[in-house]
1. For region 299-311, state whether one or more residues are among the charged types (D, E, K, R), at pLDDT 95 or above and more than 23 Å from the chain's Cα centre (by Cα).
2. Of the residues that make up region 384-391, is at least one modelled with pLDDT of 85 or more, over 30 Å from Asp115 (Cβ atoms) and not aromatic (Phe, Trp, Tyr)?
3. When region 74-98 is examined, which residues are found to be part of a helix (DSSP H, G or I) and of a type in the set (Gly, Ala, Ser)?
4. Taking the criterion of being closer than 30 Å to Gly416 by Cβ, in a helix (DSSP H, G or I) and at pLDDT below 95, would at least one residue in region 317-324 satisfy it?
5. I'd like to check something: does region 83-103 contain any residue that is within 25 Å of Gln278 (Cβ to Cβ), aliphatic (A, V, I, L, M) and more than 15 Å from the chain's Cα centre (by Cα)?
6. Go through Glu195, Glu229 for me and flag whichever is surrounded by fewer than 20 Cβ atoms within 10 Å (Cβ to Cβ), modelled with pLDDT of 95 or more and within 26 Å of Lys283 (Cα to Cα).
7. Just to be sure, is Leu252 buried (at least 21 other Cβ atoms within 10 Å of the Cβ) and without any contact (Cβ under 8 Å) to a residue 60 or more places away in the chain?
8. How many of the residues in region 336-360 are under 14 Å from Trp319 (Cα atoms) and within 29 Å of the chain's Cα centre (by Cα)?
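The values are calculated or read from the model by the stated rules, or taken from the named source; none is laboratory data. What you see is a predicted model, and the numbers here were worked out from it, not measured in a lab. Here the Cβ positions follow ideal geometry from the backbone for every residue, glycine too, while neighbour counts run over all protein chains shown.
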Amino acid sequence: MQIRRDYSQPFFSQRRRRRATWRWLLLFVILIGGLLFFVDSNFSQLQMMALDMVGQAPTATPFASELATIGMDYFVRGSLETARDYFRRAVMQQPTNVDYLYEYGRILIELGVDDPPLYAEAISIGDQAIQSAPGDPRGYAIKSRALDLSGDPANAIPVGQAGIQVDSGFAPLYTALSSAYRNIDRYDVALDNAEQAIALDPLDPSARRVYALALIWVGRRQEALDQLEQAVGLNPNLVAPYFELASMYRALAVTDTAQGQEYYELAIATYEQVIAMQPQNAKAYLRLCEAYTQVGEHRRAQGYCEDALGLRPEYSEAWRALGQTQYPQRNYEGAIESFETCVQLQASRPLEDQEIECHYLRGLAHYYLGDCQEAWDILSDAVNRVRLTSDDPENPVLINSLAGLRLITENCTGYGGRALPTAIPPTAIPPTPIGG
């Protein structure tokens with residue numbers, strides 16, 4: 001049989017071709033949809049990869065352990081502000097990790113020497129550590145030490161004792177208790193606790209520093225000096241022990257006439273060492289200014305005070321010290337300006353935290369310039385300030401202020417019969433109400 005084909009029709013079926021085309025289109029749509037879904041689901045990662053290929057990817061957030069490791073490295077090197085930032089970030093990531101909380105608290109306590117509000121944060125960190133791990137002594141040590149340094153030794157003691165109940169072999173607890181007992185005048189107990197801290201951890205510079213303070217209060221100054229020198233040696237990159245050591249040298253220079261000059265030189269060399277370590281440390285320049293003022297080198301002292309103010313223009317203590325270098329050089333106008341700046345910067349502080357030198361020396365400077373009324377008003381105010389904060393009749397500021405007022409009555413026209421300020425009488429105790 002012969003099959004006839006219509007050659008006017010295509011050899012391959014159009015139906016079959018249409019089916020193949022739609023199959024490829026469907027596959028293409030599925031692939032495109034899958035690609036879009038993948039891109040949408042992994043957009044952040046793909047964006048980072050693309051930015052990384054062109055060198056614009058942001059730095060990945062480090063893990064808490066990495067932050068803490070870097071922070072500890074900065075702490076050992078003496079860069080406390082940087083160390084604080086790293087540990088703060090580590091604590092934010094892991095707020096119940098006592099390892100990080102403890103080191104962060106230690107750094108806050110060290111920085112609190114120059115920034116007391118940080119003690120409140122350290123107390124909070126101690127509480128956080130205690131709540132996270134009540135059986136770990138480190139939180140108690142941080143809270144006890146911070147409470148004491150913030151001016152609350154009475155409440156620091158039970159916290160430290162609670163820590164000892166948790167772990168009687170943790171040296172920083174005894175360090176905290178020693179300082180707290182010293183601040184409530186329990187010097188014997190303070191010594192015992194400091195000695196216990198050193199026995200448990202002879203390499204802890206904080207224990208040595210606290211022991212030195214306890215020794216000073218019982219008159220054992222040479223032993224205190226030895227402890228401070230050891231503290232510096234145990235952590236030579238931490239500047240706080242240098243300031244304490246230099247202060248010890250200056251105190252010995254006053255009491256030891258035979259070696260006074262040598263101690264002054266040691267104090268100055270110690271402050272210079274701090275500046276070599278931290279050239280931007282305004283406090284070191286201020287202390288050098290005060291040390292040179294102490295030995296009567298006022299012109300040299302003035303330069304260091306100006307250096308301190310160049311680093312910290314609102315450093316009220318440096319303005320006070322600058323005025324104290326200008327006053328003995330008879331630059332009374334300059335001294336008045338420095339003392340007035342000091343007064344303005346400290347105006348918001350509680351009365352007992354304001355430096356009285358900025359008041360009474362300013363009054364004496366006005367007297368020597370012939371401004372008798374201004375001098376009288378300022379010196380009278382200085383007398384009242386001293387009497388409000390001290391009941392010691394031999395207070396040297398009180399004596400000098402009264403002496404200045406006497407000079408005014410003797411040498412200023414119209415002041416001959418003026419009475420000197422008298423002590424403020426004590427407030428009378430009201431009678432007990434009937435039935436009270």
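1. There is at least one residue in region 299-311 that is among the charged types (D, E, K, R), at pLDDT 95 or above and more than 23 Å from the chain's Cα centre (by Cα).
2. Yes - at least one qualifying residue is present in region 384-391.
3. Ala83, Ala90
4. No, that holds for no residue.
5. Yes, because at least one residue in region 83-103 is within 25 Å of Gln278 (Cβ to Cβ), aliphatic (A, V, I, L, M) and more than 15 Å from the chain's Cα centre (by Cα).
6. So the residue among Glu195, Glu229 that is surrounded by fewer than 20 Cβ atoms within 10 Å (Cβ to Cβ), modelled with pLDDT of 95 or more and within 26 Å of Lys283 (Cα to Cα) is Glu229.
7. The answer is no for Leu252.
8. The total comes to 17.
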